[in-house]
Ligand code: HEM
């Protein structure tokens with residue numbers, strides 16, 4: 001109507017006015033749409049020139065939806081599809097560089113170790129869950145406090161300290177066998193082995209931190225620590241918790257993630273305070289055991305604050321409680337299969353070759369890892385790089401940790417300084433994601449059977465078994481460089497001792513109705529979690545020699561009678 005009138009007044013043809021207006025409106029709408037697009041695709045760091053960006057990132061969410069639940073497998077697929085081992089993606093408003101191939105992961109972690117020493121902070125985990133007990137070491141940005149915490153943890157987890165933990169290794173691994181003997185009814189009953197191994201992982205770290213252990217697999221506090229820990233690990237995952245990357249979601253009414261974060265924090269505070277109170281009580285009665293928190297509570301030469309102490313204890317407890325049982329449970333799954341049973345027998349033969357009897361093998365497994373075939377499954381190895389801030393050397397556990405990369409995307413890193421990468425500059429502050437699962441299964445690096453569980457890849461001869469001398473990082477399951485896993489030495493010893501004792505005591509065979517899933521991706525029932533949770537399966541534990549196992553247990557019981565009794 002208006003257009004018609006204006007055209008008449010100005011004596012212009014109506015069509016020209018309409019065309020001009022429509023063009024202007026279209027331009028305005030176009031500009032607005034472009035501005036909305038730019039605003040909704042803005043990231044903390046601008047697009048990095050010279051590093052390939054995965055196509056089809058969407059406004060607001062970026063690549064989050066395409067990544068789905070299983071980031072490691074999707075990124076591995078992108079590496080193969082676009083033929084780029086290093087690429088950039090958008091996690092909502094956060095730009096991240098993903099590294100996939102074995103050599104590139106090594107180059108990033110070792111070649112640029114000072115530049116990738118930092119860790120990113122996330123809204124839910126850092127802002128809500130960690131507000132009372134401080135950040136764990138694995139989630140701390142690189143600063144003086146982190147340096148002190150890492151150093152203190154390094155002392156607790158380093159080689160000299162390891163010797164003082166023999167009673168703990170003895171007691172906890174004997175307890176596994178004791179309960180498995182009792183519950184498997186001479187090999188009649190099929191069992192889920194994971195709960196026994198969860199207690200193993202958790203008790204060792206609780207003992208280190210508080211001098212406290214729980215004897216029953218179904219202890220209430222033990223189950224609470226495991227449940228809360230796993231739920232927190234889920235909230236750290238990008239695929240479970242979009243509000244870390246899409247800030248708008250934080251302001252939604254009745255925000256479920258925030259409420260959940262707060263409730264988990266409160267539950268965690270409750271048991272951490274209870275544990276500390278028990279330590280205080282033991283100190284008063286003079287019954288406390290040497291452990292991190294007692295040393296600090298008694299003020300033994302420490303420069304750490306209360307929050308830092310909580311943070312160290314939390315780091316050790318959360319470092320071990322899922323990774324150890326995750327690796328060991330899935331390893332036992334693979335060893336129980338028909339092909340795996342051959343590995344079990346060869347490992348048992350090798351143990352017998354090294355020791356005159358099983359009792360000796362049990363006792364020595366606490367001190368030294370010297371059976372090559374068992375080492376090929378789970379082993380400690382010195383790598384070329386020894387970290388200035390951590391344990392005394394980089395180590396690796398072999399096939400079990402490689403094949404079942406329980407922390408598939410490792411722990412996220414952040415560029416501490418600009419990183420020069422093949423002519424491109426990855427700016428300071430950019431999130432760096434290491435796809436350990438992809439690196440650990442790279443056919444170009446491990447050969448055509450990279451996707452098969454085969455401990456013998458680490459042996460140069462089978463009769464007798466002899467290890468291939470190694471140097472440098474053998475796989476990426478423990479990360480690498482200046483923020484590599486602080487618990488590698490203790491992890492390897494825990495895996496080794498438990499495996500020697502299990503193999504000496506039982507022949508492990510799978511249930512026909514509930515067999516293990518041994519696919520290196522699908523064995524994990526929660527692909528979005530930070531640490532894999534193996535799917536349930538059952539095994540039958542056929543006793544090898546009831547009398548000798550009983551003798552081994554009796555000796556271990558005598559050795560540990562006074563250890564960790566409250
Ligand atoms: C099979 C067992 C384990 C696996 C596969 C594992 C894996 C990892 C990985 C992938 C990282 C990140 C490394 C990186 O960013 O380069 C890490 C960090 C860490 N782990 Fe472990 N871990 C295991 C056992 C343990 C145990 C038993 C403890 C302690 C008792 C522990 C304590 C830590 C700590 C404190 C960090 C943080 C290091 C830092 O950020 O400076 N881990 N672990």
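Out of segment 147-177, which residues are within 30 Å of residue 237 (Cα to Cα) and in contact (Cβ under 8 Å) with a residue 12 or more places away in the chain? Break it down into steps so the answer makes sense when it comes.
Within segment 147-177, the first condition is being within 30 Å of residue 237 (Cα to Cα), and the residues that meet it are 147-158.
147, 148, 149, 150, 151, 152, 153, 154, 156, 157, 158, listed by residue number.
For the condition modelled with pLDDT of 90 or more, farther than 23 Å from residue 538 by Cβ and in a helix (DSSP H, G or I), what is the one hit in 182, 178, 199, 150?
On the way: 182 fails: farther than 23 Å from residue 538 by Cβ; 178 fails: farther than 23 Å from residue 538 by Cβ; 199 fails: farther than 23 Å from residue 538 by Cβ.
150 is the lone residue from the list that is modelled with pLDDT of 90 or more, farther than 23 Å from residue 538 by Cβ and in a helix (DSSP H, G or I).
If a residue counts only when it is surrounded by 10 or more Cβ atoms within 10 Å (Cβ to Cβ) and at pLDDT below 90, which helices (runs of 4 or more DSSP H) contained entirely in segment 1-116 have at least 2 such residues?
Details: elements: 2-10, 14-40, 64-67, 71-82, 102-106.
So the answer is 2-10, 14-40.
Residue 159 passes all but one of (1) under 28 Å from residue 274 (Cβ atoms); (2) touching a helix residue (DSSP H, G or I) at 6+ places or on another chain (Cβ under 8 Å); (3) surrounded by fewer than 17 Cβ atoms within 10 Å (Cβ to Cβ); which number fails?
The failed condition is (1).
Hey, among 286, 326, 340, which residue is on the phi > 0 side of the Ramachandran plot and modelled with pLDDT of 85 or more? Before the answer, list the steps.
Details: 326 fails: on the phi > 0 side of the Ramachandran plot; 340 fails: on the phi > 0 side of the Ramachandran plot.
Result of the check over 286, 326, 340: 286.
Against the definition (farther than 24 Å from residue 101 by Cα, surrounded by fewer than 22 Cβ atoms within 10 Å (Cβ to Cβ) and away from the ligand (no atom under 16 Å from the Cβ)), how does residue 517 come out, yes or no? Give the steps one after another, and end with the answer.
Details: farther than 24 Å from residue 101 by Cα: yes; surrounded by fewer than 22 Cβ atoms within 10 Å (Cβ to Cβ): yes; away from the ligand (no atom under 16 Å from the Cβ): yes.
Here the answer is yes, as residue 517 does meet what is asked.
Go through segment 235-248 and give me each residue that's crowded, with 17+ Cβ neighbours inside 10 Å and farther than 17 Å from residue 121 by Cβ.
239, 240
Which ones in segment 551-564 are in contact (Cβ under 8 Å) with a residue 12 or more places away in the chain and assigned to a helix (DSSP H, G or I)?
Within segment 551-564, 551, 552, 553, 555, 556, 557, 559, 560 meet the criteria.
Could you tell me whether residue 183 is in the same structural domain as residue 488 (by TED's automatic domain parsing) and either out of contact with any helix residue (DSSP H, G or I) (no Cβ under 8 Å at 6 or more places or on another chain) or under 25 Å from residue 368 (Cβ atoms) (or both)? Break it down into steps so the answer makes sense when it comes.
Details: in the same structural domain as residue 488 (by TED's automatic domain parsing): yes; either out of contact with any helix residue (DSSP H, G or I) (no Cβ under 8 Å at 6 or more places or on another chain) or under 25 Å from residue 368 (Cβ atoms) (or both): yes.
Yes: the conditions hold for residue 183.
Only residues in segment 126-140 that are touching a residue at least 60 places away in the same chain (Cβ under 8 Å) count as the first member; pair them with residues that are surrounded by fewer than 22 Cβ atoms within 10 Å (Cβ to Cβ) and outside any helix (DSSP H, G or I), Cβ under 6 angstrom, at least 6 apart or cross-chain, and list the lot.
From segment 126-140, the pairs are 138/411.
List pairs: first in segment 423-452 and at positive phi, second within 15 Å of the ligand (Cβ to nearest atom), Cβ under 9 Å, 6+ apart or cross-chain?
Pairs that qualify, where the first residue is at positive phi and the partner is within 15 Å of the ligand (Cβ to nearest atom), are 429/118; 429/120; 429/414; 429/415; 429/416.
Being modelled with pLDDT of 95 or more and in contact with a helix residue (DSSP H, G or I) (Cβ under 8 Å, 6 or more places away or on another chain) is the filter here; which residues of segment 533-543 pass it?
Residues of segment 533-543 modelled with pLDDT of 95 or more: 534-543.
Residues satisfying the conditions are 534, 536, 537, 539, 540, 541, 542, 543.
Would you tally the residues in segment 539-550 being surrounded by fewer than 18 Cβ atoms within 10 Å (Cβ to Cβ) and not in a helix (DSSP H, G or I)? Write out each step before concluding.
Residues of segment 539-550 that are surrounded by fewer than 18 Cβ atoms within 10 Å (Cβ to Cβ), as a first pass: 542-548, 550.
Checking the rest, the ones that are also not in a helix (DSSP H, G or I) come to 542-545.
Of the residues in segment 539-550, 4 are surrounded by fewer than 18 Cβ atoms within 10 Å (Cβ to Cβ) and not in a helix (DSSP H, G or I).
The values are calculated or read from the model by the stated rules, or taken from the named source; none is laboratory data. For clarity, every value in this text was computed on a predicted model and none was experimentally measured. So basically every Cβ, Gly included, is an ideal-geometry build from the backbone, and we count neighbours across all protein chains shown.
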